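Colleague: Questions regarding the structure given below will be posed in turn.
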Amino acid sequence: MALIKLAYKQIIDASAQGKFERSVLQASYQEFLLKMQTYNPNREFKTFTALKVHDGRANSLHYKLSFAVGHFIQTLDNKIPGLSDNLGNPVKFEIPQFELIESHINDISSHKVAITYTTGILTLVNQLAEFMVLAEGDVSEKFVADTFILKMQQGLSITSYQEYQPESLFKDTFQQV
Amino acid sequence: MERKSFLRTFAVAAAAGPLLIEACKKDSTSTQTDSTTTTTTSTNGTTCTTTPTETEGPYPYVGGEITNPLNRADVTGGQTGVPLAVNFLVVNVNDNCNVVTGARVDIWHCNKDGYYSGYANQPGLLGSKSYVGETWLRGYLLTDSSGLAKFTTIYPGWYGGRATHIHMEVFVNSVLKKVSQLTFSETISDAVHVSTLYATHGVNPIRNANDSVFGDSATDLALETLALTGSVSAGYSGTFTLGVAL
């Protein structure tokens, strides 16, 4: 048993179909066109990659663009889009992080962003092959808990891991020392 | 507006309007321009009217019914502090200082404790803080018919190494025309920073004249200092003139 946090990375590019994805793509691109000008006054650099090489401060565009899409992320109601458990229920996230992967000042089809959704603390109760038996929060001290099963998949990662150590074990160890 | 409602409104308008999609054949007898309403009669007797051009509306938010949440006059977003009303007057220095309407003015600044929304792992008074996903004390407005963008916010606190300040950017027709910062009279900043909500942090040790941004030119500093009226209890207000060369 362990306490973990999961992160799921959603890539959004020109192929996006859903309303949320299209909104994020459009809003972040419009904001890119505005905010990149600070680092590209003569429109000399066409891509975000070229812009970063020219001026490292362009990395702040990750943050600046994130402000323009924050409202759309709020509409998700903390449910990670595209990730559900084996019963089809959404997995909840606590922290969204926006990232500008690439863009082009003349071509929205080159615009590509990612949102990494990180969950709160989950208890990893067990692992069955590529399936994780999870419970929301820390249930390590409980005898009974509600659980769900999630398949390890592309774009999903464990970003925090704390092996469960029973409180009694801590006490015994402490007393021996 | 709900999307359904929006679509319903559109449908009604379309039905009521003189839209003759059958018309505008290539054998029309007169030309038309986009900027004027021109009615054309074709050789076969049908007529058509150029559809008036209107603003694109609340985009870039696809769906149309959602306005960019950062487009707001009150940027406070739940942050506590001494109230501050800042009006930005955008003027064109190449046009007799006439006001510029429809300019987008973006502002952002730190909260009373010296942290910015949206950023992760910021060092500061309260230790390392992450406010990713939050947008308080950020926003933008388009200048009105008087050239004014009127924001409501709180008096900024400060963080190590910088004088007390507000950031701003000005876009005209989506082109960045100015990036700058403003500061305040130190007398007022000091009074605010020892008041109840800010007292833990106290007076900012970086004075305007010694600041890395404002300190390089006394002339610039004078132009970048926002004159305020008011008090700690009542809040402060002032108008900052943003001159841009168009």
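Colleague: From A:L34, A:L51, grab the single residue that is more than 16 Å from the chain's Cα centre (by Cα) and facing chain B (nearest Cβ under 8 Å).
Modeller: Values: A:L51 fails: facing chain B (nearest Cβ under 8 Å).
Answer to the check: A:L34.
This table checks each residue for (1) within 14 Å of another protein chain (Cβ to nearest Cβ); (2) under 21 Å from B:S237 (Cα atoms); (3) open to solvent by less than 40 Å² (accessible area, probe 1.4 Å).
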site	(1), (2), (3)
B:F171	yes, no, yes
B:K178	yes, no, no
B:E186	no, yes, no
B:S189	no, yes, yes
B:H193	no, yes, yes
B:T200	no, no, no
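Colleague: Something else now. In region A:54-70, which residues are over 16 Å from the mean Cα position of the chain (by Cα) and within 11 Å of chain B (Cβ to nearest Cβ)?
Modeller: Taking region A:54-70 first, the residues over 16 Å from the mean Cα position of the chain (by Cα) are A:54-61, A:64, A:68.
Correct list: A:S60, A:K64, A:A68.
Colleague: Assess whether B:G102 counts as being open to solvent by 30 Å² or more (accessible area, probe 1.4 Å) and either assigned to a loop (DSSP other than H, G, I, E, B) or at the interface with another protein chain (Cβ under 10 Å from one of its Cβ atoms) (or both). Lay out the reasoning, then the answer.
Modeller: Values: open to solvent by 30 Å² or more (accessible area, probe 1.4 Å): yes; either assigned to a loop (DSSP other than H, G, I, E, B) or at the interface with another protein chain (Cβ under 10 Å from one of its Cβ atoms) (or both): yes.
Judged against the criteria, B:G102 is a match.
Colleague: Sort out which residues of region A:35-60 are under 20 Å from B:S180 (Cβ atoms) and surrounded by fewer than 21 Cβ atoms within 10 Å (Cβ to Cβ), and write them in order of number. Step through it out loud before you land on a result.
Modeller: Residues of region A:35-60 that are under 20 Å from B:S180 (Cβ atoms), as a first pass: A:35-42, A:55, A:57-58, A:60.
Residues satisfying the conditions are A:Q37, A:T38, A:Y39, A:N40, A:P41, A:N42, A:D55, A:R57, A:S60.
Colleague: State yes or no: is B:V82 touching a helix residue (DSSP H, G or I) at 6+ places or on another chain (Cβ under 6 Å) and closer than 22 Å to B:T225 by Cβ? Quick ask: steps written out before the conclusion?
Modeller: Values: touching a helix residue (DSSP H, G or I) at 6+ places or on another chain (Cβ under 6 Å): yes; closer than 22 Å to B:T225 by Cβ: yes.
It is true that B:V82 is touching a helix residue (DSSP H, G or I) at 6+ places or on another chain (Cβ under 6 Å) and closer than 22 Å to B:T225 by Cβ.
Colleague: Okay, moving on. Output the number of the condition that A:D77 fails; it satisfies all remaining conditions of (1) open to solvent by 70 Å² or more (accessible area, probe 1.4 Å); (2) among the charged types (D, E, K, R); (3) within 30 Å of A:N40 (Cβ to Cβ).
Modeller: Unmet for A:D77, out of (1) open to solvent by 70 Å² or more (accessible area, probe 1.4 Å); (2) among the charged types (D, E, K, R); (3) within 30 Å of A:N40 (Cβ to Cβ): (3).
Colleague: Determine, yes or no, whether A:Q165 is open to solvent by 40 Å² or more (accessible area, probe 1.4 Å) and farther than 30 Å from B:T135 by Cα.
Modeller: yes
The values are calculated or read from the model by the stated rules, or taken from the named source; none is laboratory data. This is a predicted model, so every value here is computed, not measured. Cβ atoms come from the backbone with ideal geometry, glycine included; neighbour counts cover every protein chain shown. Accessible surface areas use protein heavy atoms only, side chains included; no ligands, DNA or RNA. Shrake-Rupley method; radii C 1.70, N 1.55, O 1.52, S 1.80 Å.
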